[in-house]
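This report refers to the structure that appears directly beneath it.
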Amino acid sequence: MTTEAGDCPVILWFRQDLRLADNPALVHAVATDRPILPVYILDQGSAALQPGAASLWWLDKSLRALDASLRARGSRLILRRGDSEAELRRLIDETDADAVFLNRRFEPDAFARDADIAHALQAEGVDCKGWNGTLLARPGSVLNGSGQPYRVFTPFHRTLLATTVAPPHAAAPDALATPPEPASEDINAWGLHPTRPDWSGGFDWTPGEAGAQAALTAFLSRGLKSYSAGRDIPAELATSRLSPHLHFGEISPWRPIEAARSAAADGRVPAAEAEKFVAEIGWREFSAHLLHAFPQMTDTAFRPEYDAMPWRNNAADLEAWKRGRTGYPIVDAGMRELWATGFMHNRVRMIVASFLVKHLLVDWRAGEAWFRDTLVDADLASNVQNWQWVAGSGADASPYFRIFNPTAQGRKFDADGRYVRRWVPELRGVPDRWLHAPWTAPPEVLRDARVSLGADYPRPVVDHDLARKRALEALGIVVARRAGQGD
C-alpha cells in the first residue's frame, strides 16, 4: 500500500481505554484529519500484563461493544494477537501509517514496554504520542511539599482535588474514516471465555461504553443518596459497580465525579455522600500513583519489615478459602459470590482478605493472584494496594493487629442474613441468631434447619481466638525486625 504523506493513516492503539467519548488519543487522532486505524492487540507475552480469566471474559464483550460503536460511525476495530511491537510494525508495513496515538498505561511493566516501543518506532520515523486517558492525573504529577510521592491517602486526595482540573468533555465523533484494507482477526477465535471450568454463566454485566453509562445512571438514582452507609451492606445494591468499567476505560474517571457533584449541586443527593464517592475514586487514583512510584509493590511488601512475616501457607486452607468452604458464612458467601458473578462486595472483600491473611496466615500474594484471576474488575494497582492495606504491609495501611472477627462482621453488616442466605443456601433455614456462627447453634436448631455440620456445611477451619493469637504472634516477629532496624 502506498499513500501520499498527508494521507498516511494514524494508528489508534486501544488498550484500557475502550470508549469513544472523552478519549484523548482519539480526539487528537481525529484532529489530524487523516484516516484512522483503530487497533486492539491481544499481547499475552508478558505474565505481568496478562489479564485473568474473568477479565478476559469482560474484554471479549467490551471489544465487541467498541467494534459496534466504531462500525456505527463507518469504522471498525482491527484485532491483532501477538507481540505488541511486532503487530504495530506489521500494521505500519501494511498501511504506510506513520503515527501511533495511544492513551498511556502506567503499571510498571506496561509503562516500560510502551516507552521501549515508542523509542524504537520514533527512531524509524514513526510519530508516537501518548496521553493520560485512564486516570484523573498523570502519576508523578501529584507530589508532597518535598517533591516526593504521597504515602498517605488523605493529603494525596486533598492535593489531587486542589491541583487537578477536569478536561473538557469530548463527545464521541459522528464519523470516522478507516481504510478497508487492514485485516482483522476473528474475536471468536481468541477463546476469551474461561474454560476448565467455564464459571461465567452467572456473570450479569453489560460491558462497554453504554453499559458504563447505564451503571452510572442507575447508581445516581439508587445508591448515591445513602452511599456512606449503604456501601457497607452487601445485600443492598448501594455501590456503583463501576469498577470494571473504569478498569477497562469504558468511562473516564472524571465523569462519575462530575455526575455525583452535579447531583449534589441540584439537591438530589447530600453533598457529603457525593464526596464520599469521590474519595473512593480518589483511592483508586492513589493506588495507581503508588504503584507507578513504587513498582516493587507487586512482589514485595511496601513496608519491608513485613517480608519477615512467617506465613503458614497451608494449601488446604487456601483451597477452602477459594471455594467458600471455610465454615465462616460471611467469608464463604463472599467467595461464592466472586465465583458466581466475577465480583465481590467491597466490605466483604476486606473481610475475606483479612481472614486469609490473618486467620489462615496465607501470604497476601496468593489472595491477590486469586482475585486477579476471578474478578472482572481486577486492576493491578488497586488489587495489590488493597491486599497490602489489609495485610498491614502497604502505604497508609490498616494496622496488622486489626483483625476482623468474621462472625461479628457478618452480624453487623448482614444482620438479617440476606447476603449469606443467598450465597450459602445450605444455611437458609438457620435462624438469624445462629446464622453467622452455625457451630454455636443447639443440635435441635441445626436439625430443624436440616444442617449437618461437617457434611452439609463445613465446621470452621480455624477457631477465631486461636487464629487471632497466632496472627499477633506472627506480628511480633515483624515488630521485632522493625525495632532491629531502628524504626
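The values are calculated or read from the model by the stated rules, or taken from the named source; none is laboratory data. These numbers come from a predicted model, not from an experiment. Cβ placement follows ideal geometry from the backbone for every residue including glycine, while neighbour counts extend to all protein chains displayed.
For the range 215-268, a residue qualifies if it is of a type in the set (Lys, Arg) and within 21 Å of the chain's Cα centre (by Cα), and the qualifying residues are Arg231, Arg241, Arg255. Which members of the range 440-470 meet the condition of being crowded, with 18+ Cβ neighbours inside 10 Å and over 32 Å from the mean Cα position of the chain (by Cα)? Listed by number, the residues that qualify are Ala441, Leu446, Ala449, Val451. Take the conditions (1) of a type outside the set (A, V, I, L, M, F, W, C); (2) modelled with pLDDT under 95; (3) in contact with a Leu (Cβ under 7 Å, 6 or more places away or on another chain); Gly130 misses just one of them, which is (2). The residue that is farthest from Ala112 (Cα to Cα), among those in the range 19-59 that are among the charged types (D, E, K, R) and in contact with a Pro (Cβ under 8 Å, 6 or more places away or on another chain), is Arg34. Residues that are more than 31 Å from the chain's Cα centre (by Cα), crowded, with 16+ Cβ neighbours inside 10 Å and farther than 13 Å from Tyr328 by Cα within the range 416-434 comprise just one, Val430. Test Arg64 against the criterion of being closer than 29 Å to Asp174 by Cα and not in a helix (DSSP H, G or I), and give yes or no. Spelling it out, it is not the case that Arg64 is closer than 29 Å to Asp174 by Cα and not in a helix (DSSP H, G or I).
Kindly evaluate Glu181 against the criterion of being among the charged types (D, E, K, R), under 30 Å from Arg80 (Cβ atoms) and either in contact with a Cys (Cβ under 7 Å, 6 or more places away or on another chain) or exposed (fewer than 11 other Cβ atoms within 10 Å of the Cβ) (or both).
Taking the combined requirement at face value, the residue satisfies it.
When restricted to residues that are surrounded by 15 or more Cβ atoms within 10 Å (Cβ to Cβ), in a loop (DSSP other than H, G, I, E, B) and among the aliphatic types (A, V, I, L, M), the range 102-135 contains 2. Restricted to the range 405-487, the set of helices (runs of 4 or more DSSP H) holding at least 3 residues that are basic (Lys, Arg) comprises 418-423, 464-484. Pro139 meets all of the listed conditions (1) farther than 19 Å from Gln16 by Cα; (2) touching a strand residue (DSSP E or B) at 6+ places or on another chain (Cβ under 9 Å); (3) crowded, with 17+ Cβ neighbours inside 10 Å; (4) not basic (Lys, Arg) but one, namely (1).
Criterion first (among the aromatic types (Phe, Trp, Tyr) and in a helix (DSSP H, G or I)) does Trp311 satisfy it?
no
Restricting the search to helices (runs of 4 or more DSSP H) fully inside the range 220-289 and requiring at least 3 residues that are under 14 Å from Asp379 (Cβ atoms) and of a type outside the set (D, E, K, R) gives 243-247.
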